[in-house]
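Quick note: the coordinates plus some simple rules give every number you see, no bench work behind them. Remember, it's a predicted structure, so these values are computed and weren't measured experimentally. Quick reminder, even Gly has a Cβ in these numbers, built from the backbone with ideal geometry, and neighbours come from all protein chains shown.
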Amino acid sequence: MRSVKKVLAFCVAMLLILGACSAQESSEDGAVALAGDSGGPATTVADSGSEEERAEETESTAGEASLGDGGVEPVALPIDFGRDIIFTADLVVAVSDVGLAGTEATRTVQSLGGFLFGQRTSGGPDPTSELTFKIAPERFQTALDELGSIGEIRTQSVNASDVTERIVDLESRIATSTASVERLRVLLGEATDIKSIVELESELVARETELETLRGSLRTLEDQVALATIVLSLTEAEANPGLAVAMTAYPGHDDGVACPGSSSLEVETGSPATVCYEVVNVGDTWLAGFQMRDPVLDVELKDLIVVFGDPSAALEPGDSIWLAAQVSPERDLRTKSTFTAQAVNEDGQPLSERSVSQTESFFVDAVEVEGIASFSDGLAASWELLVRLGQVLVLALGAVLPFIWIPIGVAWLFRYRRGPSVGARMEADGTRL
C-alpha cells in the first residue's frame, strides 16, 4: 500500500510541475508579442499603457482604415475594372445668358484637362447653344458636377457602355485579316500566270480594304474609351415673358382708391370718372421699363396714378401693379391703352429681343341728362310735331295725285258703254207723247 501511495504522490507532483511550466511559457510568449518589432525587452500587459490609450489607438486605426491613406475621403471616380468602357452624358442647363454660360463652361472643362470638341449656337428670340466636350474618364464626374452648377439642370442623362468584347472581337478579326493579307501577298509573289495574278490582286485589295475598315473601327472605339464625351445644351431660363392688362372703371375721382371698378361705365357728359389698369406679369421672367400710351385719353405712364406697386421697378413673375387714370368724358369713348415692358434677369440686365406688348380697350358711355320741360319747350315740341305731320300729308298727297285720273276715267268709260240714263229716256218718251 505504501508503494502505491508513493507512486500516486509522485504522479500528482509531476502534473503540478508540468502545469506551472506551461503557464510560465504562455506568459513569456505574450510579453514578447507586446515588445513589438523593435526587439526591446518583453513587458507585461500593465506596462503597455492604460485601457483609454489602447481604446484611442484602436479608434485611430479604424478611422485610418476607413478613410484610406492620409485619412482623406476617397473621391467617387469611374473605377478601372480592366474593362473598356465608353462614358457619355447629355446635359440640359437653363441659364440667364447663353453666351456667357457657354464661355464659362468651356473654361471649366479646360481647367479639368478637357477641350471643346464641337459647338452649335443659335440666336433669335430663343437662343440656344450645344457644346460637345471631351475629357478624361477620371475627370468625367467632376466635369458633370461643375457644368451642372452653371445654371439650373433641366435634364441629365449619363451612360456607360462596356465595349470590351467588341474591341477583343475587332482585334481578333484584325489579326486574322492581317494573316490573310500576308498569305495573299506571298501567293501573289509566287504567281506566274496573268489570270492568277489578277485574281490574287483583286482579292488582296478586298482583304486590305476590310483590314483598314476594322482598324478604323478599333481606333474609333479606343478613342471613345480614352476620352469621355459630354454634350451640354444651354437654354435661357427666362424664355417666355408675358404681360396681361385688365381694365375697369367707375364714376368719380378718388385717386384710384376704389379700383377695381366695373366692366362697363355710363356717366353724364363731362362728369368725372376713373379708369383702372391691372398690369400682371404672366410670363416666367422679370419685367421692367414699363411704358404706356393711350391716344384716345391722351395719357402716358407718367400721367397715371400709382395705386399699388412700383412701375419703375422690376416686376416678378406672377406679381401685378395697379394704375388709374382720371378723366371727364365729353362724348362716348373707346379707349386704346397699350402697355410695353422689357424682359430682364434677376439682376436687372435686359434680355436681348425679349420685349412684350399688350393693348386693351374700354368703352365709356357719356349721356346727356335732361330736366323737366317748360311751357315754351312743350309748345315748341307741339309745333314741331304739327310741322312733321304736315310734311307727311304733303308727301302722301304728292304720291297719290298722279293716280287720281284712273278712277275718273273708269267711271266715264262705264257710263258711255251703258248709253243714256233712265231720266233721259223718260224725257224723250214724254216729248213724243
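Test of understanding: extend the Cα→C-beta vector of Glu190 to 7 Å, then name every residue of region 199-216 with backbone N under 17 Å from that spot. Residues 199-201, 204 fall inside that zone.
Placing a label point 7 Å from the Cα of Ser180 along the Cα-to-Cβ direction, the residues of region 201-243 whose backbone N falls under 17 Å from that point are 201-218. Protection proxy ranking of 323-333, 255-265, by the mean of other Cβ atoms within 10 Å over each peptide's residues and highest first, is 323-333, 255-265.
Working from label points 7 Å from Cα in the Cα-to-Cβ sense, the Thr220 to Val410 distance is 10.6 nm. Going from the fewest other Cβ atoms within 10 Å to the most, the residues Trp286, Trp383 appear in the order Trp383, Trp286.
From the alpha carbon centroid of region 210-250 to that of region 256-301 is 44 Å. Provide the FRET efficiency to the nearest 0.05 for the Val306-Ser157 pair, computing r from the beta carbons and using R0 = 41 Å. Once rounded, the FRET efficiency stands at 0.25. Between Asp90 and Glu199, the distance separating the two model label sites (each 7 Å from Cα on the Cα→Cβ line) works out to 5.1 nm. Extension gain, Glu268-Asp332: 0.36 nm per intervening residue step, less the Cα-Cα distance, totals 22.0 nm. Please report the relative contact order for region 94-154, taking Cα pairs under 8 Å with a sequence separation of at least 6, and give it as a percent rounded to a whole number. Computed value for region 94-154: 40 percent relative contact order. On the principal axes of its alpha-carbon atoms, region 147-291 has extents of 118, 35, 22 Å, going from largest to smallest.
Both the radius of gyration and Dmax for region 214-342 are 25.8, 92 Å, in that order, over alpha-carbon atoms.
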